[in-house]
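Have a look at the structure below before the remarks.
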Amino acid sequence: MRVLAAADKFKGTATAAQVCAAIGHACWALNIDCTEIPMADGGEGTLDVLGGPNRTTTVTGPLGQPVEAAWRLHRGVAVIEMARASGLTLAGGPENNDAMNATTQGVGELIDTALNAGAKKIIVCLGGSATTDGGLGALRAISTPARLLAVDFLIACDVDTLFTDAAKVFGPQKGATPAQVGMLTGRLEQLAQRYERDFGIDVAKIPGSGAAGGLAGALAALGAKLIPGFDIVAEENGFDDAVKEHDIVITGEGLLDDTSFDGKVIGNVVDYAAEVNTRTLAIVGDIDEAMDPALRIEIETISITELFGAEMAMQQVLRCIEDAATDALKKLVQ
């Protein structure tokens, strides 16, 4: 039996690589071949699964302060995780964020740096943003944006939110009051008109253009292609080929809920595996009690909280994952 470990991070407790390694340990202890391919959906953590940062650049943070943003450039491929330059965590969370003025300038500075360094392919991973500036800060920071037309420019996003809906959908999560949401929406509507006038692209009609407070739309106006984050990761790290060559895929994430099947790792692993008739098993930290029961039918799931209790599942998460994988695999090889 050949096992493919293709899990997401358990947010706050274990990285995707650590989770896959724990599954791998269980396999090797049972003399089962295992390939470890950590996964992500295009948001926070994607840079790590695509090789990790190997460069650091000082850029403008979301509230105007300088931040040290880690990114990657290898063999002409640049990977930029917007949260490391313009993330809500950098702003101190929603309670400390300036929802009206938070800027994506730092992301634009990283893109400009990648272009100057000779990148031929640029992947910008969205998620965890502090901003609703419609990407204007990033756009202004890129000198000679026409240079982007000469590179393979990809945006990894996992939402379908339209550009002018970004404030309504994501603003409150970033600390915006109802009144501010209204003002931000008006600003996005004006920017959509501006981008269409300046670049000939109607970003308001592009699904996903509202990701990261409209940053996706601004970059689309510059020629970027918006692609589901999981698909980009699957192609870059070889998951799309590996899933065909294994008998079972063991995936996982910290919390299984309805969103797990809406652009996230587990749902996509299930879909990819189903296409090639590969069995799928998910090991998760916990399962949302409010989750639609019909969704659970799609995948065999093991909750380490149910198996080992909440305290142990949090404090010894990797041991719990390894033990859960061991028990499941023993049953499969019997």
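The values are calculated or read from the model by the stated rules, or taken from the named source; none is laboratory data. The structure presented is a predicted model; accordingly, all values stated were derived computationally and were not measured. All Cβ positions, even for glycine, are placed from backbone atoms using ideal geometry, and neighbour counts span all protein chains on display.
Of all residues in region 244-297, which are touching a strand residue (DSSP E or B) at 6+ places or on another chain (Cβ under 9 Å) and assigned to a loop (DSSP other than H, G, I, E, B)?
Taking region 244-297 as the starting set, the residues that turn out to be touching a strand residue (DSSP E or B) at 6+ places or on another chain (Cβ under 9 Å) are 245-257, 260, 263-266, 268-270, 272-274, 278-288, 291, 295-296.
Scanning region 244-297 gives HIS246, ASP247, ASP257, GLY263, LYS264, THR278, ASP288, MET291.
Against the definition (in contact with a Leu (Cβ under 8 Å, 6 or more places away or on another chain), assigned to a helix (DSSP H, G or I), in contact (Cβ under 8 Å) with a residue 12 or more places away in the chain and crowded, with 23+ Cβ neighbours inside 10 Å), how does LEU191 come out, yes or no? Walk me through how you get there before you give the answer.
Values: in contact with a Leu (Cβ under 8 Å, 6 or more places away or on another chain): yes; assigned to a helix (DSSP H, G or I): yes; in contact (Cβ under 8 Å) with a residue 12 or more places away in the chain: yes; crowded, with 23+ Cβ neighbours inside 10 Å: yes.
Taking the combined requirement at face value, the residue satisfies it.
Residue by residue through region 135-180, note down the ones that are hydroxyl-bearing (Ser, Thr, Tyr) and surrounded by fewer than 18 Cβ atoms within 10 Å (Cβ to Cβ).
Across region 135-180, the qualifying residues are SER143, THR144, THR177.
Is it true that GLY87 is under 19 Å from GLU235 (Cα atoms) and either crowded, with 22+ Cβ neighbours inside 10 Å or out of contact with any helix residue (DSSP H, G or I) (no Cβ under 9 Å at 6 or more places or on another chain) (or both)?
no
Checking the condition in contact with a strand residue (DSSP E or B) (Cβ under 9 Å, 6 or more places away or on another chain), surrounded by fewer than 22 Cβ atoms within 10 Å (Cβ to Cβ) and either assigned to a helix (DSSP H, G or I) or not basic (Lys, Arg) (or both), which residue from ASP240, ASP231 passes?
ASP231
Counting just the residues of region 60-81 that are part of a loop (DSSP other than H, G, I, E, B) and within 20 Å of the chain's Cα centre (by Cα), which one comes out surrounded by the most Cβ atoms within 10 Å (Cβ to Cβ)?
Step by step, filter region 60-81, then rank; the result is PRO62.
Hey, among GLY208, GLY223, which residue is assigned to a loop (DSSP other than H, G, I, E, B) and closer than 17 Å to GLY263 by Cα?
Testing whether each residue is assigned to a loop (DSSP other than H, G, I, E, B) and closer than 17 Å to GLY263 by Cα leaves just GLY208.
For region 312-334, which residues satisfy the criterion of being basic (Lys, Arg) and at pLDDT below 95?
LYS330, LYS331
Please enumerate the residues belonging to region 27-59 that are polar (S, T, N, Q) and under 16 Å from the mean Cα position of the chain (by Cα).
Once the filter is applied, which keeps residues that are polar (S, T, N, Q) and under 16 Å from the mean Cα position of the chain (by Cα), region 27-59 yields only THR46.
How many residues are out of contact with any Cys (no Cβ under 9 Å at 6 or more places or on another chain), of a type in the set (Gly, Ala, Ser) and in a strand (DSSP E or B) if we restrict to region 1-59?
1
For region 229-246, indicate whether the set of residues that are farther than 30 Å from ALA7 by Cβ and at pLDDT 95 or above is non-empty.
Within region 229-246, none of the residues are farther than 30 Å from ALA7 by Cβ and at pLDDT 95 or above.
Would you check which residues across region 143-171 are over 24 Å from LEU50 (Cα atoms), in a loop (DSSP other than H, G, I, E, B) and over 21 Å from the mean Cα position of the chain (by Cα) and list them?
SER143, THR144
Please work out which one of (1) at negative phi; (2) crowded, with 16+ Cβ neighbours inside 10 Å is the condition ARG197 fails and give its number.
The single condition ARG197 does not satisfy is (2).
Which one is farthest from VAL159 (Cα to Cα), of the residues in region 288-305 that are aliphatic (A, V, I, L, M) and modelled with pLDDT of 95 or more? Step through it out loud before you land on a result.
Keep residues of region 288-305 that are aliphatic (A, V, I, L, M), which gives 290-291, 294-295, 297, 299, 302, 304.
Subset that is modelled with pLDDT of 95 or more: 302, 304.
Numbers: ILE302: 27, ILE304: 28 Å.
Checked region 288-305; the qualifying residue farthest from VAL159 (Cα to Cα) is ILE304.
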